[in-house]
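One structure below.
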Amino acid sequence: MPWVVRDAVRDINRMVARRWQAIDPLLPDPGAMPTGCGAPLVVNGDNGRLAGLGICVHQHIPPESLNQTWGAADRFTLVPRLAGHDVAASAGVLLSHWRDHLSGVGAARGADTSASVVWPSQDITGIRALLRHGLAPVTVIAARVRPTGPTSAPRGAYGMTIRAAGPADEETVLDLELRLIRYDMHFGGPVWRSATARLVREEVRGSLARPVTWTWLGERAGRPVALLVAQPPQDAGWIAGMTSVAPAAYLQTMFVDQQERGTGIGAALVRHLHAQLDASGVAVTLLHHSQVNPLSAPFWYRMGYRPLWASWEARPASALR
Ligand SMILES: CC(C)(COP(=O)(O)OP(=O)(O)OC[C@H]1O[C@@H](n2cnc3c(N)ncnc32)[C@H](O)[C@@H]1OP(=O)(O)O)[C@@H](O)C(=O)NCCC(=O)NCCS
């Protein structure tokens, strides 16, 4: 990269870092740009100076990866860096460049494709441009910062017990995990694949075989009715870079049997996890939820989470306009 361009990219990154910190201190430093598929998409400001740029990343997720269940098989992701003089206008120009770029990519015309942009939830400046270009907010990354002050023993739920799951619980955990995926499919995120059940089983088996499992079951009258799975910081490195705060844990799965919802079981399981995380010095816990899941957003925000990032998506990628 010629030094003039390198300096311009560095200046943009500095401005983005300042803007993000002012908007939301939980946002990380923007960091290095990924390599992407080709030359950066460039937005020039009125004064002819660089106002922003974007990198398009192309990913093919193979059928043998559980990741293919979480979205389209071919993913095109725009990584934007907008300096901040007129973010709304720059976002519009960048998204138009990106649309034009993808219209020349054969693989982006298939049915099992998505075009997505991960945008800071508190950065409201670009939202109209994202909507105008046919993107919808599908998934949210929400965060809970460890509260300061004294902690108390976590409150349970009436008639319910919590226990760590072990290898003998494979069928139960698998059943609850698959029910969650089927429920979440209503909101346009996960896609049921021929390998989904097998790959989830393998993941469940692997995690239940660990000496310390981060999988808990909520039971009523001895019957498992709820599941919570988390990743401690040593397993959550893949998402830790989404926030400035460390160490970060990840809350992976939360599901309560339909008949048992609204009776405090979900909250009791989450409080149980939070007590453990808070005591072990975990500074922030992240999770994904579907933006339009009518049960999850109110629940998580009641449990101390708030939105950090939103993933805006067009599916198939050709729906980007
Ligand atoms: C989301 C879910 C786990 C909540 O579990 P739950 O056991 O029903 O929740 P609780 O009864 O413990 O509720 C805890 C608190 O959140 C509130 N709450 C829960 N769901 C709510 C909703 N949909 N709307 C408003 N408030 C809600 C409760 O009123 C309660 O508040 P309170 O402490 O003032 O009494 C459960 O609805 C579920 O399994 N949904 C389907 C799967 C899913 O969406 N999982 C999350 C994926 S990210």
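Of the residues that sit in the stretch 253-263 and are outside any loop (DSSP other than H, G, I, E, B) and within 9 Å of the ligand (Cβ to nearest atom), which one is nearest to the chain's Cα centre (by Cα)? Out of the qualifying residues, it is 253.
Answer yes if at least one residue in the stretch 95-111 is touching a residue at least 40 places away in the same chain (Cβ under 8 Å), under 29 Å from residue 255 (Cβ atoms) and among the aromatic types (Phe, Trp, Tyr), and no otherwise. So far as the stretch 95-111 goes, no, none of its residues is touching a residue at least 40 places away in the same chain (Cβ under 8 Å), under 29 Å from residue 255 (Cβ atoms) and among the aromatic types (Phe, Trp, Tyr). Residue count for the stretch 140-187 satisfying the condition of being more than 30 Å from residue 122 (Cα to Cα) and in a strand (DSSP E or B): 5.
Any residue that is away from the ligand (no atom under 16 Å from the Cβ), under 26 Å from residue 305 (Cα atoms), in contact with a Gly (Cβ under 8 Å, 6 or more places away or on another chain) and not aromatic (Phe, Trp, Tyr) - is there at least one of those in the stretch 85-101? Looking through the stretch 85-101, none of the residues is away from the ligand (no atom under 16 Å from the Cβ), under 26 Å from residue 305 (Cα atoms), in contact with a Gly (Cβ under 8 Å, 6 or more places away or on another chain) and not aromatic (Phe, Trp, Tyr). Checking each residue in the stretch 169-207 for being among the hydrophobic types (A, V, I, L, M, F, W, C) and within 16 Å of residue 226 (Cα to Cα) picks out 173, 174, 176, 178, 180, 181, 204.
Regarding residue 232, is this residue farther than 27 Å from residue 137 by Cα, away from the ligand (no atom under 11 Å from the Cβ), surrounded by fewer than 19 Cβ atoms within 10 Å (Cβ to Cβ) and within 17 Å of the chain's Cα centre (by Cα)? It is true that residue 232 is farther than 27 Å from residue 137 by Cα, away from the ligand (no atom under 11 Å from the Cβ), surrounded by fewer than 19 Cβ atoms within 10 Å (Cβ to Cβ) and within 17 Å of the chain's Cα centre (by Cα). Applying the condition of being farther than 18 Å from residue 43 by Cβ and touching a helix residue (DSSP H, G or I) at 6+ places or on another chain (Cβ under 6 Å) to the stretch 56-98 and asking which residue is surrounded by the most Cβ atoms within 10 Å (Cβ to Cβ) yields 76.
Could you please let me know if residue 266 is within 11 Å of the ligand (Cβ to nearest atom) and touching a residue at least 24 places away in the same chain (Cβ under 8 Å)? When the stated conditions are applied, residue 266 passes them. Only a single item in (1) more than 24 Å from residue 206 (Cβ to Cβ); (2) crowded, with 16+ Cβ neighbours inside 10 Å; (3) within 8 Å of the ligand (Cβ to nearest atom) is not met by residue 220, and it is number (3). Scanning the stretch 267-292 for residues that are among the β-branched types (Val, Ile, Thr) and either surrounded by fewer than 16 Cβ atoms within 10 Å (Cβ to Cβ) or farther than 18 Å from residue 249 by Cβ (or both) turns up just one, 292.
Counting just the residues of the stretch 293-320 that are assigned to a loop (DSSP other than H, G, I, E, B) and of a type in the set (A, V, I, L, M), which one comes out surrounded by the most Cβ atoms within 10 Å (Cβ to Cβ)? Here the answer is 320.
Test residue 131 against the stated conditions and say whether it is at pLDDT 95 or above, in contact with a Ser or Thr (Cβ under 8 Å, 6 or more places away or on another chain) and not hydroxyl-bearing (Ser, Thr, Tyr). Judged against the criteria, residue 131 is not a match. All conditions but one from (1) in contact with a Lys or Arg (Cβ under 6 Å, 6 or more places away or on another chain); (2) aromatic (Phe, Trp, Tyr); (3) near the ligand (Cβ under 9 Å from one of its atoms) apply to residue 299; the one that does not is (1). Quick check: anything in the stretch 273-292 in contact with a Phe, Trp or Tyr (Cβ under 8 Å, 6 or more places away or on another chain) and in a helix (DSSP H, G or I)? Looking through the stretch 273-292, at least one residue is in contact with a Phe, Trp or Tyr (Cβ under 8 Å, 6 or more places away or on another chain) and in a helix (DSSP H, G or I).
Screening the stretch 197-211 for residues that are part of a loop (DSSP other than H, G, I, E, B) and without any contact (Cβ under 8 Å) to a residue 40 or more places away in the chain and picking the one that is surrounded by the fewest Cβ atoms within 10 Å (Cβ to Cβ) gives 211. Write out, first by first residue and then by second, each pair whose Cβ atoms fall under 8 Å of each other, whose residues are 6+ apart or on separate chains, and whose first residue, in the stretch 296-319, is on the phi > 0 side of the Ramachandran plot while the second is in a strand (DSSP E or B) and within 14 Å of the ligand (Cβ to nearest atom). Once the first residue is on the phi > 0 side of the Ramachandran plot and sits in the stretch 296-319, its partners that are in a strand (DSSP E or B) and within 14 Å of the ligand (Cβ to nearest atom) give 304/144. Are any of the residues in the stretch 245-252 within 16 Å of the ligand (Cβ to nearest atom) and surrounded by fewer than 16 Cβ atoms within 10 Å (Cβ to Cβ)? Taking every residue of the stretch 245-252 in turn, none turns out to be within 16 Å of the ligand (Cβ to nearest atom) and surrounded by fewer than 16 Cβ atoms within 10 Å (Cβ to Cβ).
The values are calculated or read from the model by the stated rules, or taken from the named source; none is laboratory data. Note that the structure is predicted; figures quoted are calculated from it, not measured. Heads up, the Cβs are rebuilt from the backbone with ideal geometry, glycines too, and the neighbour counts pull from every protein chain shown.
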